[in-house]
Amino acid sequence: MPLEVLYFKTEDTVEVEVYLNDTDMEPFVLGVVWKKEEKGFRKETPDIGRLAFKVGTQQLKDLGVPSHLSVLTDNSDAVKDLLHGEVVSLLQKNADLFNCIHFSDSYEKPDTSYKKVLRFVFKLPPPEDMTRIKPLFRMVMHFIDRVAGIRLSKDGKERAREARRRLENERLKADHSRRQELAQERKDERLRKEKEEAELLSPEQQAKRTARLAKRQMKKKLPKFKVMNYGQQKLLSVCSPSQTCTLHML
């Protein structure tokens, strides 16, 4: 069962987000979007951009998927299970109301902690034809049950999990690099300001500042000592500036 269903309405579109329990969705991503919108869709959905490949024309033709749509996924079996005849027919008949479908077990959105989500974006018909959108909302309910029933093969599931582990490692490395860059930028800014301030000092003040900085650097080069208790035994920790530490019993 879904954890939460949210609706976001604008002047001409409605977006439905269905957040799922971990047990209600296997590890896969799926995107169905107009071909002319594919490039922008990949940028707006990082999980699709990093994980999904574009399903080949022949496979889509075999499934009867309309030629104006692109299908993006990391698991071809999921495409076969989800884009069956009834769904394909519905998308064809309501092409003017369809914007995109986005299913993901690796959803990324700043204001939510949910990872497994089914997203649908539809264009609103004129007020006098609003009943035309009802079949698309029934499709939403259909997919909630359909996705929960999908079971990937053991190999398919392991490949999906390995891809996600690899991406998570890449993300952590990128975050670490960015933190280092920000730290270096802050350091460079601090040194720049210190240099500007030093240039305003008198010769005597500059000499005192130079001596103070030299003393600070010498202090950094000295080993650091710390006494620790280990049971009944006292230990002396000696750490060099390179962060190499040795323990000595007292």
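What follows is calculated from the coordinates using simple rules that are stated; it is not laboratory data. No experiment lies behind these values; they were computed from the predicted model shown. Heads up, the Cβs are rebuilt from the backbone with ideal geometry, glycines too, and the neighbour counts pull from every protein chain shown.
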With charges only on Cβ, +1 for K and R and -1 for D and E, what is the dipole size of the chain about its Cα centre, in debye, rounded to 20? 1980 debye
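Below 13 angstrom from the Cβ of Ala148, what's the summed charge of the other residues (Lys, Arg +1; Asp, Glu -1)?
Details: positive: Lys116, Arg146, Arg151; negative: Asp22, Asp24, Glu26, Asp81, Asp105, Asp145.
So the surrounding residues net to -3.
How large is the convex hull of the Cα atoms of region 19-168 per residue, expressed in Å³ as a whole number? Before the final figure, lay out each step's value.
Numbers: hull volume 17.9 nm³, N = 150.
Output value, Cα hull per residue: 119 Å³.
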Return a whole-number percent for the relative contact order of region 1-137, with Cα pairs under 8 Å and 6 or more residues apart as the contact set. 31 percent
The chain: calculated mean residue ellipticity at 222 nm from DSSP helix runs of at least 4, using -39500 (n - 2.57): -15000 deg cm²/dmol
Cβ crowding within 10 Å averaged over residues, with 96-105, 163-172, 132-141 ranked highest first: 96-105, 132-141, 163-172
Before anything else, pin down the relative contact order of region 53-210: Cα pairs under 8 Å, at least 6 apart, normalised by residue count, whole percent. 15 percent
Relative to the first principal axis of the alpha-carbon coordinates of the chain, what is the inclination of helix 203-221, with its axis defined by its Cα atoms, in degrees from 0 to 90 and to the nearest 10? 70 degrees
From phi via Karplus (6.51, -1.76, 1.60), per-residue ³J(HN,Hα) for region 48-56 in Hz, x at Gly/Pro: 5, x, 8, 9, 8, 10, 8, 5, x
Computed about the Cα centre, the charge dipole of region 160-204 from +1 Lys/Arg and -1 Asp/Glu charges at the Cβ has a magnitude in debye, to the nearest 20, of 660 debye
Contact order normalised by length for region 47-92, with contacts defined as Cα pairs under 8 Å and 6 or more residues apart; what percent is it? 42 percent
If R0 is 35 Å, what FRET efficiency do you get for Arg151 and Lys43 from their C-beta distance, rounded to 0.05? 0.65
Using packing as a proxy for protection, rank 112-125, 173-186 so that the peptide with the highest average count of other Cβ atoms within 10 Å comes first. 112-125, 173-186
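If you place +1 on the Cβ of every Lys and Arg and -1 on the Cβ of every Asp and Glu, how big does the dipole about the Cα centre of region 76-169 come out, in debye to the nearest 20? Could the numbers behind the result be given before it?
On the way: 19 positive and 14 negative charges, 59 e Å.
Here the size comes out at about 280 debye.
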Can you flag which of Lys61/Lys116; Lys80/Lys123; Lys93/Lys123; Lys187/Lys220; Lys61/Lys154; Lys193/Lys220 are past 19 Å Cα-Cα? Lys61/Lys116; Lys80/Lys123; Lys61/Lys154; Lys193/Lys220
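Which peptide among 151-162, 64-75 comes first, and what is the full order, when sorted by highest mean count of other Cβ atoms within 10 Å? Show your work: numbers first, answer last.
Details: 151-162: 13.2, 64-75: 19.0.
Order by mean packing, descending: 64-75, 151-162.
Report Rg/Rh for region 87-187, rounded to two decimals, where Rg is the Cα radius of gyration and Rh the Kirkwood radius. Display every interim value, and only then the final one.
On the way: Rg = 19.9 Å, Rh = 17.3 Å.
On the Cα set of region 87-187, Rg over Rh gives 1.15.
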